[in-house]
There are 2 protein chains.
Amino acid sequence: MLLYLQSNLFIMKSLLSNLKISVPDKIYLKDPESSKLGKRIIEHSILLIDKIGFDSFTFKKLGVEIGSNESSIYRYFESKHKLLVYLTSWYWAWIEYQMVFTTFNVQEPKEKLLKAIEVVTETIEQDDSFSHINEVLLNKIIIDESSKSYLTKEVDNENKDGYFIVYKRMIKRLRNMILEVNSDYKFASSLASTIVEGALHQHFLKEHFTSITDCNDNISPSEFFKDLTINAITN
Amino acid sequence: MLLYLQSNLFIMKSLLSNLKISVPDKIYLKDPESSKLGKRIIEHSILLIDKIGFDSFTFKKLGVEIGSNESSIYRYFESKHKLLVYLTSWYWAWIEYQMVFTTFNVQEPKEKLLKAIEVVTETIEQDDSFSHINEVLLNKIIIDESSKSYLTKEVDNENKDGYFIVYKRMIKRLRNMILEVNSDYKFASSLASTIVEGALHQHFLKEHFTSITDCNDNISPSEFFKDLTINAITN
DNA sequence: GCAAATATAATAGCATTACTATCAACCTTA
DNA sequence: TAAGGTTGATAGTAATGCTATTATATTTGC
């Protein structure tokens with residue numbers, strides 16, 4: 001199955017190189033995909049946030065990193081918060097694409113669901129379709145920082161403005177696959193959101209709080225959540 | 001069972017009024033429980049963080065709120081981050097106490113586990129044992145802000161210094177109760193940590209992202225996690 | 001009841017942050 | 001070649017996250 005997944009990934013990557021991951025345009029002032037500087041902002045923001053953490057990250061420091069001016073970065077994003085929202089949206093849109101592609105031709109609902117869970121919970125492998133984006137580091141940022149994008153006093157307004165649609169849409173797809181296996185299951189949405197956030201959390205724990213997780217180099221969060229899901233919905 | 005739980009709570013509260021919730025002393029410079037000002041700092045930090053959010057919260061604003069000086073607050077806590085770590089430790093120690101007390105005399109492992117899950121996942125009711133602490137608001141803060149206490153570049157050092165032992169100890173108790181029901185279950189630690197963080201997350205979703213949760217006024221996160229746990233570990 | 005010790009308040013100061021504004025330079029492309 | 005848009009440089013501002021110093025209360029121990 002791993003081999004199958006990998007060859008799938010190969011086909012998908014060649015497809016993706018002609019595609020643009022679509023992020024809601026309210027998030028940015030100017031589309032960073034539309035210019036060289038914009039791409040450098042995305043590329044180096046990922047490197048810098050991974051290096052010093054989102055809390056210490058500033059546009060001034062990013063400016064130094066890309067040999068550009070702070071004020072130029074402000075022309076793309078209103079604030080570092082919006083940049084984080086952009087990065088998380090991009091990430092989930094990319095995961096969503098992989099999820100849809102990987103499960104598209106799978107008939108058996110259970111097999112389909114398990115593949116989808118794998119896509120959202122597995123450790124990320126480098127994808128070279130988007131040369132300026134380091135997906136491995138972006139995944140680390142999602143694990144360490146993404147919850148800060150919605151744990152704010154402005155969530156409800158930003159949610160109304162569509163900042164989190166990609167994330168919610170991806171979770172709804174997962175919920176639907178759960179319901180395809182068992183349409184009587186009462187908690188499909190909660191299970192889907194628990195799988196996604198829970199997997200990020202288990203990845204965090206295996207790096208920092210090893211005593212309260214079973215996940216490590218041998219047991220992956222993916223394994224745990226596949227077992228959990230199957231037991232929860234099939235009886 | 002609800003009645004039984006409530007009478008238990010009554011006995012527990014009278015007990016608690018003679019007890020002090022113990023928080024690791026590395027977290028503070030001066031024990032806020034040791035003075036009137038210290039207690040005012042805790043009391044009003046809960047009110048103010050709930051009101052304006054942790055990101056906008058500053059010691060200067062808190063000083064205004066309690067009619068005291070910024071520099072006086074700095075004598076109790078090095079930073080607002082440490083104050084958050086203090087509040088979360090206090091909260092989990094309080095939950096841990098309720099968990100131990102509520103399950104103490106319960107013989108049947110499954111019943112014991114279900115009661116423990118209820119304690120960690122249910123919406124909090126006001127507890128008047130600690131007059132300066134509003135547990136309902138503190139619970140809201142835990143839902144909205146607690147992950148910021150460990151999602152930092154300093155986690156590993158702070159973890160070594162024991163900042164998170166209360167939290168980890170509470171999760172280990174829950175893991176042990178899972179193992180008492182089924183000692184062969186392979187993911188007891190991951191399940192315990194998923195229940196605790198997952199419940200906070202579901203509480204957040206039912207307030208802000210209702211489309212990706214099944215939880216609402218009729219279905220509680222507690223119900224979901226009890227069902228999930230039983231299906232996961234019994235077969 | 002008074003002195004000593006301790007806690008708190010007031011003020012100032014400082015580097016950094018998170019921006020905004022202005023203007024100049026440059027680079028396209030019609 | 002003029003016009004429009006993009007980027008860079010510089011400056012400025014209010015707020016943040018502290019530290020330091022000194023003065024004033026308050027508690028306590030004798």
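Quick note: the coordinates plus some simple rules give every number you see, no bench work behind them. The structure presented is a predicted model; accordingly, all values stated were derived computationally and were not measured. Cβ coordinates were reconstructed from backbone atoms using ideal geometry, including for glycine residues, and neighbour counts include every protein chain displayed.
The table that follows gives values for the structure above.
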item: Every pair of residues 6+ apart whose Cβ atoms lie under 7 Å, when the first sits in region B:63-78 and is farther than 11 Å from B:Gly38 by Cβ while the second is assigned to a loop (DSSP other than H, G, I, E, B); result: B:Gly63/B:Asn69; B:Glu78/B:Leu29
item: Residue tally, condition surrounded by 20 or more Cβ atoms within 10 Å (Cβ to Cβ) and within 7 Å of chain A (Cβ to nearest Cβ), over region B:193-235; result: 15
item: 1 or more residues touching a Pro at 6+ places or on another chain (Cβ under 8 Å): qualifying helices (runs of 4 or more DSSP H) within region A:93-191; result: A:109-121, A:165-181
item: Residue satisfying all of: in region B:70-94; among the β-branched types (Val, Ile, Thr) and under 18 Å from the mean Cα position of the chain (by Cα); nearest to DNA strand C (Cβ to nearest atom) among these; result: B:Val85
item: Qualifying residue in region A:46-54 (condition: within 16 Å of DNA strand C (Cβ to nearest atom), more than 18 Å from the chain's Cα centre (by Cα), in a loop (DSSP other than H, G, I, E, B) and buried (at least 17 other Cβ atoms within 10 Å of the Cβ)); result: no
item: Flag if A:Glu108 is more than 14 Å from chain B (Cβ to nearest Cβ), acidic (Asp, Glu) and within 16 Å of DNA strand D (Cβ to nearest atom); result: no
item: Subset of region B:26-45 [exposed (fewer than 14 other Cβ atoms within 10 Å of the Cβ) and away from DNA strand C (no atom under 14 Å from the Cβ)]; result: B:Lys26
item: Region B:55-69, residues that are under 24 Å from the mean Cα position of the chain (by Cα) and surrounded by fewer than 17 Cβ atoms within 10 Å (Cβ to Cβ); result: B:Asp55, B:Ser56, B:Thr58
item: Condition broken by B:Val64, with the remaining ones in (1) part of a helix (DSSP H, G or I); (2) near DNA strand D (Cβ under 8 Å from one of its atoms) satisfied; result: (2)
item: Pairs where the first residue, in region B:30-49, is among the polar types (S, T, N, Q) and the second is buried (at least 17 other Cβ atoms within 10 Å of the Cβ) and part of a helix (DSSP H, G or I), C-beta under 8 Å, 6+ apart; result: B:Ser45/B:Leu62; B:Ser45/B:Leu83; B:Ser45/B:Leu87
item: Condition check for A:Asp144: acidic (Asp, Glu) and at the interface with another protein chain (Cβ under 10 Å from one of its Cβ atoms); result: yes
item: Scan of region A:141-189 for residues that are polar (S, T, N, Q) and more than 23 Å from A:Thr102 (Cα to Cα), ordered by number; result: A:Ser146, A:Ser147, A:Ser149, A:Thr152, A:Asn157, A:Asn159
